[in-house]
Structures are given as structure tokens and as C-alpha cells.
Amino acid sequence: QHSTQPNPTNRYQSIKNIPLHLSQHLFIKTMMHPPTIHRRNNGHNRLTIFFITALSLSISVHNGLLASASAVVAPPIMAARLGSKTRESTAIVSNTARTTTKTMTAPSSATAVAEAPGDFADAIEKSSSNPITQLGKYVKDTVVNFKNGLVQMNTDHRSCNDIRDKQRTFAKANETTRPRGVKGLQTGGISYEEYDFLRKGLVDRNKLFAVTVVSLCLPNYFVYYMWSFPDMMPSPFSKGKDMKEVSRERCHAVISTLLDIEKGARVAPWSAKLNPFGRKATEKAMERLTSFVSLGCANMEEYGAVGSNGGKMILKKLKPQLYSSTPLTKQQSLLAGKVVPKQIMKGLTKAISADPINKGSSPFGHGAVKHIESVTLADEFLVDQGIDIDSINSALLAEACSERLIGGPSWSDEERKEALSSWLQETEIVPRETIKDNEGLHFNGNLARAALMSYNAVDGTRDARADSSLLRVMYQGQSKGPVILK
């Protein structure tokens, strides 16, 4: 009958001292699970609790804003700006200012700069932890980046049209026509930079089409699609990936592939138990992997199998498999079946997909064979058009080597040019001369490029400049020379 009501001033003071995270928790808990109150006063009490919780949230946010601002602005200026506040608020600000003065001594130039009203507002905006300010800044940056990305895509599309006009003019001068689609990219009359620009423009347009289809057909799952496949955005909207991270992921892919090969040679797959009649086939597959392990160990232990010389030695040993007097079958072209072990193809796909540029327009990335076919078109353009490797700039040279798994992030331009020239020599120039001298001979370019990419990935892992230091110590730990960690 005699209920005591708390003093409003004390209640305001107690609410004011609630931390920010507690007030947020109280606000959410109150809205999700309102307390059970007498039925007659249910609406009034719920409104009161909502008002008190919102008031505590705003007061705690305001206090956090004043505390962060006092760390930037000099104490006298802060006291002058807050002179119209209550004595209690002034005391809080003064205490905060004294604490800040003990820990930080600002120079006179900084004080003079902070006295400007605009700088004071900017300092509050930068140092504020207000979630509403952060949300507004995030929305603003998102809208600006989206607008700039659309403008950049429109500009790139116009540049692609100009390059295609140059190719049509070149084809008309040679009394031919420029084909549509991917084959039209192989038309001459342009530089390698323009050719690479056309390839990237085609991939960006395919990505934009895929993103548009998903956003229209599956709008409720579009956010999850972008979270699962962040590299599916066109290049103006996506962020680049550090080449050190790419090198590290490729090193890990090499080690995991070696473990898979050794496990496949020693342990039968679990699916073999389901087929009691496939025991002999499983044993033959394990024997092939065992011989492949012995061959791989012999190649890596061979003297001089480093850099471009190691790739030449690998192709020389694979010459009976690379050249054939009969046309290549579909299985040989796709590197399926007994041509290349599936463990190598899986590891090669991981190493290729480590660089987002090599993933193409598919959300799941390119397969190894699809990527090899794309690299083949680029090799043919470089050789057919007589592109000088020395004329390629550093950025495109690094991308071209990354597509072929050549080298690492610390390689110099001279090393990349030498390795790319050796690649073209072994995959295009020498096979063309061999087939020209021996009519009826067929060359399996996909197998040659897959073998070279596998060797390049292993050679990059053994390189002293690779980013994965633990793997480098494993390779160099037993050597007499010093171990290089950087």
C-alpha cells in the first residue's frame, strides 16, 4: 500500500552510469522478452520501460562521444564549449580532461588546429564509436564504391569496343573477318596489353551476368552467394589478393598433393570395399601411383633440376607420352583416366585457384584443363603475333607467370622473362618445329603444360623466397648451407 518511488534524479544518474554494452543488452532483452506486469498497467509500464532503456542507450552513447572528444580537444576548449551544460556534466568532462592531460601532452600547433570548429567536428566523427555514425559512413562508402565500379565498367566496355574495332580493321586489311566470341580474341593487330584487357573484360561481363541472374532469381540468397564466392564480383568491385598469400596457399597445395599421392599408393580408397570385384583394378591403380612416386622422387633428386632446366628435363623424359603418331583421344586431351593421376589434377586445381585472376567467371573456379586451354590461347597469341617478352610491363609479366605457376612474389622481372621465354619455347615453338619436320605427328599440349605447371609449383615451394617459411625449413633444414627465412 505504501510503495516508495525512486528519486528521478537518482534514477537518471543510475541510468547514466550504465555502460554502453549493458544498455544495448537491456534494450534488446526488453524488446524481445517484455516483463510480465499486471494486465491493467501492461501498456503503460511497457512504454515506460522502453523509454527508460532508450534514454539509457542515448546517454551512454553521448558520454562515450564526449570522452572520445576530450582526448582530441584541449581541456580549456572542451570546458568552454560545455559551459551551458549542468554542473554534473561539467564535472564529468573536467575529470575526463584531467585524466587525458596526464597521459597525453598535445603541442601548441595541434591545439591551434583543434580550435577550428570544422576540425573539432571531424575529430569527433573519426574518434566516435557511435554505431549510427559508423553505419552511415559504411553506407556512404558502399554507395560511392558501387557508383565508381559501374562507371569503371562502362569505361572498360568502351575501351574493349575500341580494341575490337582495331582487330576488325586488321582483319579487313588481311581480307579476313574477325570471329565472334573467344576465337575473336586471337585476331592480331593489337598489343599483348590490349589482348589481356579484352580477356579480362570478357570475364568481367560474364561475372556481371552471373551476379545479375542470381540477384534476380534468388534475391533471398544473394547475400549468402556473395559471402560464399567473394571473387565472383567483377574486377572494379573486387579487392586484389596479396601475392604472398597466393604463394603460401600454393605451397600448402603442393604438400597436400604429395600426401594424397603417397596415401593413394599405400592405402586403398574406401570405395574399394563396396565393390568386391574391383580388387585387381584397385591394386593396379596403387601400383601405378607407386611407380609415379618413384619417378617423382628421382626427378626431384636429379642434379640440375632447378628453374627452367628442370622443366626441360621433365618434358624430355615425357617425350614418348607427349608425341603420338595417332590422333589424340578425348581422354588424352582432357587428361582423364590413366593419363594423369587424379591427385595431381586436384592439387593443380588448388594451386591455380589460389590466384583469383585465374578463377574465371565460374563461382567454383576453373578446372585444371579449362585453365590450361585458356593459357594455350595466350601462348598462341604471343607466338603468332611475335610479341617481344621484354616489352611486357612488370604487372602483366607477373600475372602471366602466375597463370603458369611460375616463380613467386619476390622474383625479378629478368627471372620472369627468362622463365616465360623458356615456357613458350617448350610448349609452342619446339613442338611446332617437331610436327613440321615429322608429318602425321600429334602433340599433347595439355599434358605438357600440366607437367610444367606441376613442376613449377614444386619448384616455387622449394624456392628460398617462398612465403611459407616452415616448408622452406623442411627442404633446407638438413643442408650444409644456412637456412634462409626471409
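Observations on the model:
- Accessible surface computed residue by residue for the stretch 173-225, with neighbouring protein chains in place and a 1.4 Å probe, gives 63 Å² per residue.
- Cross-link partners of Lys140 among aspartates and glutamates (Cα-Cα below 20 Å; sequence separation of 8 or more within a chain): Asp122, Glu125
- All other residues whose Cβ lies under 11 angstrom from that of His157 are scored, Lys and Arg at +1 and Asp and Glu at -1, for a net of 0.
- The protection proxy used here, the mean number of other Cβ atoms lying within 10 Å of each residue, ranks peptides 195-206, 177-188 as follows, highest first: 195-206, 177-188.
- Modelled label positions at Val383 and Lys172, each set 7 Å beyond Cα in the direction of Cβ, lie 3.2 nm from each other.
- The residues neighbouring Ala210, those whose beta-carbon lies less than 13 Å from its own, together hold a net charge of +1 under the Lys/Arg +1, Asp/Glu -1 convention.
- Label-to-label distance for Glu439 and Lys137 is 7.4 nm, based on points extended 7 Å past Cα in the beta-carbon direction.
- Computed label-point distance, nm, for sites Lys319 and Lys183 using a 7 Å Cα→Cβ extension: 3.4 nm
- Charge tally for Glu426 (other residues, Cβ to Cβ under 12 Å; Lys, Arg +1; Asp, Glu -1): +3.
- Computed in the context of the full set of protein chains, the accessible area of the stretch 125-238 at 1.4 Å probe radius has 61% of its extent on carbon or sulfur.
- Residue (of Gly296, Met233, Met286) at the positive-pole extreme of the stretch 152-296, dipole from beta-carbon charges: Met286
- Fraction of accessible area attributable to carbon and sulfur, the stretch 341-395 (%, probe 1.4 Å): 53 percent
- Gyration tensor (alpha-carbon) shape descriptor, the stretch 128-214, a/c threshold 1.5: prolate
- Residue-normalised accessible area of the stretch 300-359, expressed per residue, 1.4 Å probe, Å²: 60 Å²
The values are calculated or read from the model by the stated rules, or taken from the named source; none is laboratory data. Note that this is a predicted model, so its numbers are computed, not measured. Note: ideal-geometry Cβ built from the backbone for every residue, glycine included; neighbour counts use all protein chains shown. Note: accessible area is taken over every heavy atom of the protein model, side chains too, but ligands, DNA and RNA are not part of it. Shrake-Rupley method; radii C 1.70, N 1.55, O 1.52, S 1.80 Å.
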